[in-house]
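The values are calculated or read from the model by the stated rules, or taken from the named source; none is laboratory data. The model shown is predicted, which means the values in this text are computed figures rather than measured ones. Neighbour counts are summed over all protein chains in view; Cβ atoms, including those assigned to glycine, are modelled from backbone coordinates with ideal geometry.
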Amino acid sequence: MRSGRSRVVRLSGLVLLWPVAFAALYAYRPVVLDGPIFCPVRLGTGVPCPGCGLTRAFCFMTHGEFEPALRFNALAPLVIAYLAALWIYYAVDAWRGSPPAWPTWRIAGVMLVVTAAFWAGRLVEFFLSPDALSTIWRDNGLARLLRLFN
Amino acid sequence: MGDATASGVKGKVENSAMQLVLTLVTCGIYGVYWSWVRAKELNDYLGKQAVNPMLVFPGCLCPPVLIVASYFIAKATAEAEMKAGTAQKDDTIIYFLLLWLVNFVGVWMVQDKLNAVWQK
């Protein structure tokens, strides 16, 4: 069993997590479209990963702009629901001192399958677009590196 | 999968350099698969949910969650080392920083340490 102080610290951290994340995403919204790319898949190959566009989607959602948010990444609402479930899991753990008996492997596995299917669709859409090859040629890691030295 | 012993179900010995190469050439996608498999092995070996799989998977979608998952994998690895007697001190922080900041190096190092645990 955790001590009372440790429990309060954990619960406070968890309670603060959402408003802090919301405030950060809300504040980032005006510059998010000019922000850097962190995705290693996108940086290395020029091809979008299943998570590409989520930061932009979350930022737009904090401003109530749901339609463009879904265009950036249609998985955004599902990812928020998943993160909320994770939050509940750790909130229960912090409150009771023991984690809830959830089928965590199954939940993560289902999310994994959904994401893989989403990525497959995204890749099909990407490679069917007329500028797919030019995008890869322009945005792959090697081309980015070469541009740095030119 | 690994064999069951008095100290827990052991995981599979993998070529740690190959894990590094695969993580690099797949731009980290293999790293997510690696984390998933290692989480299962560590949980089985330690006999508890040391690494929550719900944290491992969305790492590729939500980087802050990946940081938390890296911490739990690092912590569970250090715990497995102590349990097997292959390490005398807790190296959680080193593993965590490597997995977070230089992921492919962290994958290589943690795999190397886990191989020692599985071979003990």
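Could you figure out which of (1) within 14 Å of chain A (Cβ to nearest Cβ); (2) over 21 Å from B:G8 (Cα atoms); (3) buried (at least 16 other Cβ atoms within 10 Å of the Cβ); (4) not acidic (D, E) isn't true of B:L101?
So B:L101 meets the others, but not (3).
Can you find a residue that is at pLDDT 90 or above, surrounded by fewer than 13 Cβ atoms within 10 Å (Cβ to Cβ) and more than 17 Å from A:L43 (Cα to Cα) anywhere in the stretch A:105-114?
yes
Consider B:G85 carefully, then state whether it is more than 24 Å from A:P40 (Cβ to Cβ) and under 11 Å from the mean Cα position of the chain (by Cα). Break it down stepwise before answering.
Numbers: more than 24 Å from A:P40 (Cβ to Cβ): yes; under 11 Å from the mean Cα position of the chain (by Cα): no.
No: the conditions fail for B:G85.
Contact list please: Cβ distance under 6 Å, first residue in the stretch B:99-113 and in contact (Cβ under 8 Å) with a residue 60 or more places away in the chain, second residue buried (at least 21 other Cβ atoms within 10 Å of the Cβ) and among the aromatic types (F, W, Y), pairs at least six apart or on different chains.
B:V107/B:W34; B:V110/B:Y95
From the residues in the stretch A:122-132 that are farther than 22 Å from B:W36 by Cβ and assigned to a helix (DSSP H, G or I), which one is farthest from the other protein chains (Cβ to nearest Cβ)?
Residue satisfying both the conditions and the ranking: A:L128.
All but one of (1) closer than 24 Å to B:W100 by Cβ; (2) surrounded by 17 or more Cβ atoms within 10 Å (Cβ to Cβ) hold for A:S6; state the number of the condition that does not hold.
Against the list (1) closer than 24 Å to B:W100 by Cβ; (2) surrounded by 17 or more Cβ atoms within 10 Å (Cβ to Cβ), A:S6 comes up short only on (2).
Determine which member of the set A:L33, A:L43, A:L16 is loosely packed, with under 12 Cβ neighbours inside 10 Å and closer than 27 Å to A:L145 by Cβ.
On the way: A:L43 fails: loosely packed, with under 12 Cβ neighbours inside 10 Å; A:L16 fails: closer than 27 Å to A:L145 by Cβ.
Every option except A:L33 fails the conditions.
Mind checking which pairs have a first residue in the stretch A:99-117 that is within 10 Å of another protein chain (Cβ to nearest Cβ) and hydroxyl-bearing (S, T, Y) and a second that is surrounded by 14 or more Cβ atoms within 10 Å (Cβ to Cβ) and assigned to a loop (DSSP other than H, G, I, E, B), Cβ under 9 Å, 6 or more apart or different chains?
A:T104/B:Q49; A:T104/B:N52; A:T115/A:P50; A:T115/A:G51; A:T115/A:L75; A:T115/B:L61
Residues are listed down the side, and each one gets a yes or a no for (1) without any contact (Cβ under 8 Å) to a residue 40 or more places away in the chain; (2) surrounded by 24 or more Cβ atoms within 10 Å (Cβ to Cβ); (3) within 11 Å of chain A (Cβ to nearest Cβ):
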site	(1), (2), (3)
B:E14	no, no, no
B:L24	no, no, yes
B:K40	yes, no, yes
B:P53	yes, no, yes
B:C62	yes, no, yes
B:I67	yes, no, no
B:I73	yes, yes, no
B:M82	yes, no, no
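Residues A:G46, A:G64, A:G53: which one is farther than 12 Å from B:C62 by Cβ and touching an Asp or Glu at 6+ places or on another chain (Cβ under 6 Å)? First the steps, then the outcome.
Numbers: A:G64 fails: touching an Asp or Glu at 6+ places or on another chain (Cβ under 6 Å); A:G53 fails: touching an Asp or Glu at 6+ places or on another chain (Cβ under 6 Å).
Every option except A:G46 fails the conditions.
Which of the residues that make up the stretch A:72-100 are hydrophobic (A, V, I, L, M, F, W, C) and not in a helix (DSSP H, G or I)? Explain how you work it out, then say what you get.
Let us first name the residues in the stretch A:72-100 that are hydrophobic (A, V, I, L, M, F, W, C), namely A:72, A:74-76, A:78-81, A:83-88, A:91-92, A:94-95.
Selection gives A:A74, A:L75.
I need the full set of residues from the stretch A:68-94 which are over 17 Å from the mean Cα position of the chain (by Cα) and either within 13 Å of another protein chain (Cβ to nearest Cβ) or at pLDDT 95 or above (or both), in order please. Quick ask: steps written out before the conclusion?
Looking only at the stretch A:68-94, we keep the residues that are over 17 Å from the mean Cα position of the chain (by Cα), and these are A:88-94.
Within the stretch A:68-94, A:I88, A:Y89, A:Y90, A:V92, A:D93 meet the criteria.
Name the residues in the stretch A:33-56 that are within 11 Å of chain B (Cβ to nearest Cβ), under 18 Å from A:P77 (Cβ atoms) and assigned to a helix (DSSP H, G or I), would you?
Matches in the stretch A:33-56: A:L54, A:T55.
Any idea which of (1) under 16 Å from the mean Cα position of the chain (by Cα); (2) under 21 Å from B:V32 (Cβ atoms) is the one A:A120 doesn't satisfy?
It fails just one condition, (1).
Answer yes or no as to whether A:A23 is more than 13 Å from the chain's Cα centre (by Cα) and more than 13 Å from every other protein chain (Cβ to nearest Cβ). Break it down into steps so the answer makes sense when it comes.
On the way: more than 13 Å from the chain's Cα centre (by Cα): yes; more than 13 Å from every other protein chain (Cβ to nearest Cβ): yes.
Answer is yes for this residue.
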